[in-house]
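S.K.: Structure below; questions to follow.
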Amino acid sequence: MGAFILRRLLQAIVVMVSVGFIAFLLFQYVGDPVLILLGQDATPDQIRQLRADLGLDQPFFVQFWHFLLNAVQGEFGLSLRQGAKVSRLLGERFPATFELALVAAALALLIGIPMGVYAALRRGSFLSQVFMTVSLLGVSLPTFLIGILLILIFSVWLGWLPSFGRGETVRIGWWSSGLFTLDGWLHMILPALTLAIFQLTLIMRLVRAEMLEVLRTDYIKFARARGLTDRAIHFGHALKNTLVPVMTITGLQLGGLIAFAIITETVFQWPGMGLLFIQAVTFADVPVMAAYLCLIALIFVVINLVVDLLYVVVDPRLRVAKAAGH
Amino acid sequence: MSNALARWWDSDVAYSFRSSPTAIVAALVGLVCVFCAVFAPWVAPHNPLDLTTLELSDARLPPFWMEGGSSKYWLGTDDQGRDILSALMYGARISLVVGLASVLLSVLVGVGLGLIAGFRGGWVDGFLMRVCDVMLSFPAILIALLVAGVARAKFPDAGTSVAFGVLIIAIALTGWVQYARTVRGSTMVERGKEYVQAARVTGVAPWRIMLKHVLPNVMGPVMVLATIQVATAIITEATLSFLGVGVPPTSPSLGTLIRVGNDYLFSGEWWITIFPGVMLVLIALSVNLLGDWLRDALNPRLR
């Protein structure tokens, strides 16, 4: 168990250092910071002076080491386009993206699991077929198109819901939250739904497949033979056993949600990190791009790590296998 | 020739195609889309790229069945009086070219690296698989965006051909991992088989064994994967173009058309953005369904 955790931790560190290296290469080879800071008509002396001040005359690996030290402290310099500190820009945008991803994940679970259970229990019924067809569409429709369709129907034609921005937010310390106002929730519905649909169809199909698998096992047959009610069998025995893989996939997808938020945030002009990143890409704002890359990598690595550990905790078979292996 | 055709008609794959209505419909829809795209200059009623034929008085006309629509423009016109139907035929053309080229590139890279990793094993294999792990732990769209962003910073005023090249490379970079892993797995199985050993014993050069003996035997799953990846690549291209980092605006793809039309959603001109979207979904859905069918047809265990 200890060796397992240690190995995963080491892997995570290797991934983070290699992502850091890529970010460092971005800084090194894309756009010369000295020329950007001094402008075209700087004297050679000025350039040499600034290079020394910035530590750019030092060997490659020394520079990389300094970069890593700064990155660990969340220090990525100034945004080329906005002139503000990158860490502050990202910090301002983080709550919006985080809340959006959280609500989307909750939506996907709350709708996806019941749909999957229904499709498995009433296999072949009309509604199940509808669910399956809709889920195929959900996988084939690109995220931005789903967003546009939702805006067209609910904002333009029906006029029920707002289609851009976060609405009214409440500040709690440095965290600005849209979850405490009605206006914030109204603004949340369409983007969260857009972001959730892909995960929702995935969870639904997964729950259905797992449920069908479990319903065929002997202990379900035995439970039926004991005369337990359908309700107890389906929800007490079957559903409980399908949820382990569902939890794993959902956990892993949470990172995907934050990344896919780039598209959703662009469609709905949601002021999150994704929108910041897209603007950075269009304006070639290297520090923001590098910082976002490192942050996303960190989120992914942490989630992967937690899911791996949870898996061992939740699934007793893995623990037994590990113990038997030693 | 007719003999070969008859043999194909009797084959398992052809039979499974004939007995699958989904596959037939998907193939028909896909063929119509591809036909319109390939022959756009001859099929399309107008030339959307020729600015001299545009008339501003025809701008923002709705489709012909709505009030104010004209039979001259079946699916309506955009803000510059461009015929939507023609624009989406030309747009599908660019989407298809970028999609196919990037899949071809990622197949070449992925299959090549997978063959080497599976055949050589050792540290080459170990290194390559770690790279794959890192690549797979990031969403494809993020990698593509990053490549596009770096290229933008590096070549701020690049021409059209450079922009296309960057886009194709960016999408191909997100796809090669899957081929590399698949091919590596099946190459490791094939490597131990007798025909490979026989070839080795008779002194055939390793690269020749890889290309002439192993490669044909590992291509089956690659074909299925490549079919489905064409749909993914087209959607990725559309997404990048929608986000504004895709093809240059002078040669609009379906994604660019959707992006442009998105600005007119609130003034009621939904057709500018919805029709390119429908075209995109039709292409992606038909390719996906064909890929699913091909996977089932080539895998005898599922029958």
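S.K.: Across region B:253-268, what is the total count of residues that are buried (at least 21 other Cβ atoms within 10 Å of the Cβ) and part of a loop (DSSP other than H, G, I, E, B)?
M.R.: Final tally of qualifying residues: 1.
S.K.: Same structure, new question: Among the residues of region B:100-123, is there at least one that is part of a helix (DSSP H, G or I), under 22 Å from B:Leu240 (Cα atoms) and within 14 Å of chain A (Cβ to nearest Cβ)?
M.R.: No, region B:100-123 contains no residue that is part of a helix (DSSP H, G or I), under 22 Å from B:Leu240 (Cα atoms) and within 14 Å of chain A (Cβ to nearest Cβ).
S.K.: Quick one: how many residues across region B:243-276 are within 9 Å of chain A (Cβ to nearest Cβ) and either of a type in the set (A, V, I, L, M) or within 16 Å of B:Arg152 (Cβ to Cβ) (or both)?
M.R.: Looking only at that region, the number is 6.
S.K.: Of the residues that sit in region B:251-272 and are among the hydroxyl-bearing types (Ser, Thr, Tyr) and more than 21 Å from the chain's Cα centre (by Cα), which one is farthest from B:Leu51 (Cα to Cα)?
M.R.: Once the filter is applied, the top-ranked residue is B:Ser267.
S.K.: Oh, and also: Scan region A:79-101 for residues that are hydrophobic (A, V, I, L, M, F, W, C) and surrounded by fewer than 16 Cβ atoms within 10 Å (Cβ to Cβ) and report the count.
M.R.: The number of residues fulfilling the criteria is 1.
S.K.: So is B:Gly110 within 21 Å of the chain's Cα centre (by Cα), buried (at least 23 other Cβ atoms within 10 Å of the Cβ) and within 30 Å of B:Val183 (Cβ to Cβ) or not?
M.R.: Answer is yes for this residue.
Per-residue answers, yes or no, for (1) away from every other protein chain (no Cβ under 14 Å); (2) over 29 Å from the mean Cα position of the chain (by Cα); (3) hydroxyl-bearing (Ser, Thr, Tyr):
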| site | (1), (2), (3) |
| --- | --- |
| A:Lys221 | yes, yes, no |
| A:Val246 | yes, no, no |
| A:Thr250 | yes, no, yes |
| A:Leu254 | no, no, no |
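S.K.: Considering only residues that are under 17 Å from B:Ala170 (Cβ atoms) and not in a helix (DSSP H, G or I), look in region B:125-147 and name the one that is farthest from the other protein chains (Cβ to nearest Cβ).
M.R.: B:Phe138
S.K.: If you go through region A:297-315 one residue at a time, do you hit one that is within 10 Å of chain B (Cβ to nearest Cβ), within 25 Å of B:Ser241 (Cα to Cα) and modelled with pLDDT of 80 or more?
M.R.: yes
S.K.: What about B:Ala172, is it assigned to a helix (DSSP H, G or I), in contact (Cβ under 8 Å) with a residue 24 or more places away in the chain, more than 14 Å from chain A (Cβ to nearest Cβ) and within 30 Å of B:Pro48 (Cβ to Cβ)?
M.R.: Yes; evaluated as a whole, the condition is true for this residue.
S.K.: So, one more: Report yes if some residue within region A:24-33 is out of contact with any strand residue (DSSP E or B) (no Cβ under 6 Å at 6 or more places or on another chain), within 17 Å of A:Ile296 (Cα to Cα) and modelled with pLDDT of 80 or more; otherwise report no.
M.R.: There is at least one residue in region A:24-33 that is out of contact with any strand residue (DSSP E or B) (no Cβ under 6 Å at 6 or more places or on another chain), within 17 Å of A:Ile296 (Cα to Cα) and modelled with pLDDT of 80 or more.
S.K.: Here's something else I'd like to know. Give me a count of the residues in region B:280-300 that are surrounded by 18 or more Cβ atoms within 10 Å (Cβ to Cβ) and more than 13 Å from A:Leu141 (Cβ to Cβ).
M.R.: Going through region B:280-300 one residue at a time, the tally reaches 9.
S.K.: Among the residues of region A:201-240, how many are in contact with a Pro (Cβ under 8 Å, 6 or more places away or on another chain) and of a type in the set (Asp, Glu)?
M.R.: 1
S.K.: Out of B:Ala205, B:Ala297, B:Ala226, which single residue is without any contact (Cβ under 8 Å) to a residue 12 or more places away in the chain, more than 25 Å from B:Gly81 (Cα to Cα) and either away from chain A (no Cβ under 13 Å) or among the acidic types (Asp, Glu) (or both)?
M.R.: B:Ala205
S.K.: Oh, and also: So in region B:148-169, with the set limited to residues that are assigned to a helix (DSSP H, G or I) and at the interface with chain A (Cβ under 10 Å from one of its Cβ atoms), which one is surrounded by the fewest Cβ atoms within 10 Å (Cβ to Cβ)?
M.R.: Only one residue tops the list, namely B:Lys154.
S.K.: Right, next: Name, by its number, the condition in (1) assigned to a helix (DSSP H, G or I); (2) within 14 Å of another protein chain (Cβ to nearest Cβ) that does not hold for A:Gly159.
M.R.: (1)
S.K.: Would it be correct to say that B:Ile272 is at negative phi, in contact with a Cys (Cβ under 7 Å, 6 or more places away or on another chain) and of a type outside the set (S, T, N, Q)?
M.R.: no
S.K.: Based on this model, can you work out whether B:Asp83 counts as surrounded by 15 or more Cβ atoms within 10 Å (Cβ to Cβ), on the phi < 0 side of the Ramachandran plot and not hydrophobic (A, V, I, L, M, F, W, C)?
M.R.: Criteria met by B:Asp83.
S.K.: If you don't mind, another one. What's the number of the condition A:Thr282 fails, among (1) crowded, with 18+ Cβ neighbours inside 10 Å; (2) within 11 Å of chain B (Cβ to nearest Cβ)?
M.R.: Of the numbered conditions (1) crowded, with 18+ Cβ neighbours inside 10 Å; (2) within 11 Å of chain B (Cβ to nearest Cβ), the odd one out for A:Thr282 is (1).
S.K.: Now a separate question. I'm checking my understanding of the structure. Among residues of region B:25-53 that are more than 20 Å from B:Ile258 (Cβ to Cβ) and at pLDDT below 80, which one is surrounded by the most Cβ atoms within 10 Å (Cβ to Cβ)?
M.R.: B:Asn47
S.K.: Another one. Quick one: A:Trp270 ticks every box in (1) modelled with pLDDT of 85 or more; (2) part of a helix (DSSP H, G or I); (3) more than 8 Å from chain B (Cβ to nearest Cβ) except a single one, so which number is it?
M.R.: Here A:Trp270 meets the rest and fails (2).
The values are calculated or read from the model by the stated rules, or taken from the named source; none is laboratory data. Predicted model only: the values in this text are computed from it and were never measured. So basically every Cβ, Gly included, is an ideal-geometry build from the backbone, and we count neighbours across all protein chains shown.
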